[in-house]
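Trainee: One structure, pasted below without further comment.
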Amino acid sequence: MCVWGHMQPYQTQTDRTSQTGPSRARQCVDPLTQVCLAKSTSMAFLHEIVARKEQELAQARQLRDLKGIKAMIADSPAVRSFSAALRNGFGLIAEIKRKSPSGGEMRAENVERAPAAYARSPVVKAVSVLTNATDFGMSIGELQRMRAAISKPILRKDFIFDEYQVYEARAFGADALLLMANVLERDEMKRLFELSREVGLDVLFEAHTKEEIENIPEGAVLYGINSRKFKASTKVFSDSRKGADLSVELDTFELVRYVPERAIKIAESGVGPAQVPEVIKLGYDAILVGTSLLKAVGGVEAMLREFEEACRP
């Protein structure tokens, strides 16, 4: 039975999609990295984001080749355990971004105040930094800035599909990175997971369906269930900027029952203070929160206090 009942996605103040046949046609976004996505009109929006990320990656390679990125790692600060930070009671992975496809522009004053607010808040266990400049307004350089401002572990959140991006995350000060099961095939996730562990990074795997959860490689510790519907139309994402986030389905969080029992379980997207008790009841260890903090009319600090209250036992 659905525990969410008539609960609506959190309103801000201002899946790989199901297959319809026995096989799936595939196409490559870019011949250089051979990143493949399901050929489906319902995946067009995600396809566009990944294609734009391909362009960003090409520009990054022009600035620094792989040899140069690897050389930077020697001077990077020691990695802090992202997973250990989430084992000490329920809390938030608080996100920093300047905009998003679903939420539009964040409040500039909240983005500016967020690093200090996240550093102070006892409910914030770790911080997520978007490094997608085109769609989220944050470049890879933000990792270094946030690393200097915040002592808590930092997640590089991006559309990651290339080994270069793994080395880049480590070189710029990330403690963990995100791998998305609706972007990567099983063997791609395994390859990038192994490389991430080699350079000392934790990996948060993100899934939207039972099939995606099953594709996550053995040995994974961090599982994120994202209620965001990347299969939603561009219009849905546009309409979501005007009020309630129509691009999330909170029932998706019930997929947690398919996640290994010993895993650290994270609920992503659409969770406000009112939804925290239900998320805890489902067995999650943390929530990843961004838009509700960064678009809060009353300020990011006031919204953090609401989350602190909601997370109390």
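The values are calculated or read from the model by the stated rules, or taken from the named source; none is laboratory data. Just so it is clear, the model here is predicted, and its values are computed rather than measured. No Cβ is skipped: glycine too gets one built from the backbone with ideal geometry, and neighbour counts run over all protein chains shown.
Trainee: Looking only at residues in region 77-104 that are at pLDDT 95 or above and part of a strand (DSSP E or B), which one is farthest from the chain's Cα centre (by Cα)?
Mentor: For region 77-104, the residue satisfying everything is Gly91.
Trainee: Return only the number of the condition from (1) outside any loop (DSSP other than H, G, I, E, B); (2) modelled with pLDDT under 50 that Gln19 does not satisfy.
Mentor: Of the numbered conditions (1) outside any loop (DSSP other than H, G, I, E, B); (2) modelled with pLDDT under 50, the odd one out for Gln19 is (1).
Trainee: If you don't mind, there's one more thing I want to ask. For the condition among the charged types (D, E, K, R) and either surrounded by 18 or more Cβ atoms within 10 Å (Cβ to Cβ) or touching a Lys or Arg at 6+ places or on another chain (Cβ under 7 Å) (or both), what is the one hit in Arg107, Arg120, Arg113?
Mentor: Arg107
Trainee: Pairs under 9 Å by beta carbon, first residue farther than 28 Å from Ala78 by Cβ in region 181-210, partner in a loop (DSSP other than H, G, I, E, B) and among the aliphatic types (A, V, I, L, M), six or more apart or different chains?
Mentor: Ala181/Ile216; Val183/Ile160; Arg186/Ile216; Ala207/Ala181; Ala207/Ile216; Ala207/Val259; His208/Ala181; Thr209/Ala181
Trainee: Test Ile264 against the criterion of being more than 27 Å from Gln144 (Cα to Cα), of a type outside the set (Asp, Glu) and at pLDDT 95 or above, and give yes or no.
Mentor: On the way: more than 27 Å from Gln144 (Cα to Cα): no; of a type outside the set (Asp, Glu): yes; at pLDDT 95 or above: yes.
Against the criterion (more than 27 Å from Gln144 (Cα to Cα), of a type outside the set (Asp, Glu) and at pLDDT 95 or above), Ile264 does not qualify.
Trainee: Go through (1) in contact with an Asp or Glu (Cβ under 6 Å, 6 or more places away or on another chain); (2) within 14 Å of Lys97 (Cα to Cα); (3) at pLDDT below 95; (4) not hydrophobic (A, V, I, L, M, F, W, C) for Thr131 and report which single condition fails.
Mentor: Thr131 satisfies every listed condition except (3).
Trainee: Right, another one. Taking the condition of being modelled with pLDDT of 95 or more and within 13 Å of the chain's Cα centre (by Cα), how many residues in region 160-182 meet it? Steps first, please.
Mentor: Taking region 160-182 first, the residues modelled with pLDDT of 95 or more are 160-181.
Next, from what is left, pick out any that are within 13 Å of the chain's Cα centre (by Cα): 160, 176-181.
Result for region 160-182: 7.
Trainee: Quick one: how many residues across region 184-233 are touching a Gly at 6+ places or on another chain (Cβ under 8 Å), under 15 Å from Val256 (Cβ atoms) and at pLDDT 95 or above?
Mentor: Of the residues in that region, 4 qualify.
Trainee: Determine if region 301-311 includes at least one residue that is over 24 Å from Ser83 (Cβ atoms), aliphatic (A, V, I, L, M) and at pLDDT 95 or above.
Mentor: Residues of region 301-311 over 24 Å from Ser83 (Cβ atoms): 301-303, 305-306, 309.
Still in the list and also aliphatic (A, V, I, L, M): 302-303.
Restricting the remaining residues to those that are at pLDDT 95 or above gives 302-303.
Taking every residue of region 301-311 in turn, at least one turns out to be over 24 Å from Ser83 (Cβ atoms), aliphatic (A, V, I, L, M) and at pLDDT 95 or above.
Trainee: Separate question: Select from region 132-147 the residues that are touching a Phe, Trp or Tyr at 6+ places or on another chain (Cβ under 8 Å) and not in a helix (DSSP H, G or I) and write down the one among them that is farthest from Glu48 (Cα to Cα).
Mentor: Ile140
Trainee: Sticking with this structure for a sec: Kindly indicate which of Leu201, Leu195 is hydrophobic (A, V, I, L, M, F, W, C) and surrounded by 20 or more Cβ atoms within 10 Å (Cβ to Cβ).
Mentor: Just a single option satisfies the conditions, and that option is Leu201.
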